[in-house]
Amino acid sequence: MVKIEQIRQKIVNFFRRLHLPEYVFLVLVAFIIGAIAALGSYLFLKGIELLWKEYFIPILVICQSALIYRILVPFLPLMAALSLFLLAKLFSSNIYGYGFPNLLTNVNLRGGIISIKDTFGRILGALVTLGLGGSAGQEGPIAQIGCLVGGIISRFFVVSEQRRRTFIACGSAGAIASVFNAPIAGTFFALEIVLLGDFELINFMPVVVSAGMGTIVSRILFGNKPIFALPPYSFVTYWELFFYILLGFFLGLLAYFFIRVFYTTKEYFSRLSISSYLKPFIGFFIVGIIGMFFPQIFGVGYEHVQAVLDGKMLPALMFLLVFLKIIATAITLGSGGVGGMFSPAFYIGAMAGGSFGTVVHHFFPQITASYPAYAVVGIAAFLAALTHAPVTAVFLAFEMTGDYYIILPILFASIIGVIVAYAFSHDSIDTYELTQQGINIHAGHERNILASIRVKDAMTHNVIVVPEDMTFNDFIHFVRDKKHTCFPVVNEKGELSGIISFQNFREILADEKIQKDRILVKDMSTKEIIAALPDETLEKAMEKMRYHHIERLPVVDPKDPKKLIGFLSQRDVWTAYNKALLTQMGREEEL
């Protein structure tokens, strides 16, 4: 370990001696991250392919060869559950389930601190889940491969929090670009999804470089070919845009339905009073039962998406597979299987778009294209509605098709899909769970820490109060040696009756004609009291302070608003914030 640290230090010192401008350093590191991320993605996909083609498919074919063997099909995915059990014992139980929301939290709210052990365990968990029959996506784990590469490189160079987030975004861009052979889509995936729309120039340049490098490495390893062989598209008439808009509307509803089904299923499994190690066995067995009758739901399913794009799938089967894939994916990931959502989104979007296209082409053959065109639009529109990331979806579809004419239908359908999905829920598939946990991923680090602290844990308990019958002159003498300029006013019963601050008495202080010994505190105090409650969050308390332009809030009993139990100042808020931040940083360093 000492030698490794010495080598690392020599490399870091070498770069420092070069005195490179920051943007040059970022570009050089982005090249490295993009190349390594693409290589990692390649190895991951080859691992899935090995398990899928050499183990799962041959056994599945044997089981389907005779009716008596077909009853063994539900047991095939249990190998994935067993593998996950072993990986969880080896790494951590944190590897279970859909992990992309947790990644977003780490990148955007925890300074880009990523657990190498847990992330590597998740990647291996996704490999066995997808290679051994689980219904999930490969792009989420591939993005995590890139993020892991960026996180390791950031630790290697010991960079700031901002640069760490940039390197992580570079990794995700290079990885996604390498999978889809789509550098623009990889770039916007990192900026729009991973960084939540952070399009700062300092992030944009290295992310573009990393995505380009990932694409170059991918073309060397995979060849220069798109992930799907798409049919030639013909835009029949502008009247057809109405049907694409209608398709976007239905896909927005379907995306919302998918999100609710997924998280309802996940909540159901979380409530089961059994070990988390056993839940994947139940879930994968159910997926196996579905696959016994409809094996198309197993695995990533891109071969079936290609069948739709080639126009070789029955319309009724397409419609049925929309809902079966939703159920299978929800059970796979909800029970603890590991994987992403992009591949299921492609699958469901293609099936739903193809089904819709079949219907409209049947009734309006003269003004509509055949259903493969609607399947292509369905892929982009459903992905956009599910992730609330229309820019990524549109560019991805454009780079996959290379056809300028299909962009208009994709654009209309994607925007409508996002609007409809957003109307039903402001959360995407990635942010829904975080919102349920009280985490506002878009609010930023500061607000989420404040939202995690209660007023009662930060307030001052020993409050200096002012009797309401105190004269003005006495009050002036009273406040001379005090640190604050705002005090609660109480009556003879000790009940809160008002607030007095410098704003209340400065005009009286300046007017020499007023007989100050006759004026009482209760005559100057503010009767409309803006108070905080002990169980409110500091975020809400700060909102009150900012809105009313005050620096301190009385804290009152929620059952008796006149009973004063504490006082909260902005200084108290930031003291509590700093303590919580230091505590969180200490936990993250342990990762």
Practice item. Could you tell me which residue of the range 392-440 is nearest to ALA369 (Cα to Cα), considering only residues that are of a type in the set (Gly, Ala, Ser) and buried (at least 18 other Cβ atoms within 10 Å of the Cβ)? Key: ALA413
Check your understanding: Can you spot a residue in the range 547-557 that is part of a helix (DSSP H, G or I) and either exposed (fewer than 14 other Cβ atoms within 10 Å of the Cβ) or modelled with pLDDT under 85 (or both)?
Key -> yes
**Study point:** Condition check for ILE245: under 20 Å from the mean Cα position of the chain (by Cα) and in the same structural domain as LEU396 (by TED's automatic domain parsing)
**Key:** no
Review point. Can you find even one residue in the range 288-303 that is without any contact (Cβ under 8 Å) to a residue 40 or more places away in the chain, in a loop (DSSP other than H, G, I, E, B) and charged (D, E, K, R)?
Key: no
Study note, to complete from the structure: Taking the range 234-260 and keeping residues in contact with a Phe, Trp or Tyr (Cβ under 9 Å, 6 or more places away or on another chain), among the hydrophobic types (A, V, I, L, M, F, W, C), farther than 14 Å from ILE348 by Cα and in a helix (DSSP H, G or I) leaves TRP239, LEU241, PHE243, ILE245, LEU246
**Study point:** Selected residue (only one of LYS279, LYS325, LYS312 is at pLDDT below 95 and either more than 28 Å from PRO101 (Cα to Cα) or among the charged types (D, E, K, R) (or both))
**Key:** LYS312
**Study point:** Close pairs (8 angstrom Cβ cut-off, 6 or more residues apart or separate chains): among the charged types (D, E, K, R) in the range 7-22, surrounded by 10 or more Cβ atoms within 10 Å (Cβ to Cβ) anywhere
**Key:** ARG8/PHE156
Check your understanding: Is it the case that LEU78 is within 27 Å of PRO344 (Cβ to Cβ) and touching a Phe, Trp or Tyr at 6+ places or on another chain (Cβ under 7 Å)?
Key -> yes
Point to revise | Subset of the range 529-582 that is free of Cβ contacts under 8 Å to residues at least 24 places away in the same chain and of a type in the set (Phe, Trp, Tyr) - its residue that is farthest from GLU492 (Cα to Cα) | key: TRP574
**Study point:** Test: SER93 is among the small types (Gly, Ala, Ser), out of contact with any helix residue (DSSP H, G or I) (no Cβ under 9 Å at 6 or more places or on another chain) and not assigned by TED's automatic domain parsing to the domain that holds ILE348
**Key:** yes
Point to revise | From the options SER270, SER275, residue that is assigned by TED's automatic domain parsing to the domain that holds PHE395, outside any helix (DSSP H, G or I) and either among the hydrophobic types (A, V, I, L, M, F, W, C) or exposed (fewer than 15 other Cβ atoms within 10 Å of the Cβ) (or both) | key: SER275
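The values are calculated or read from the model by the stated rules, or taken from the named source; none is laboratory data. All values derive from a computational prediction rather than experimental measurement. With ideal geometry, Cβ positions are generated from the backbone for all residues, glycine too; neighbour counts draw on all protein chains shown.
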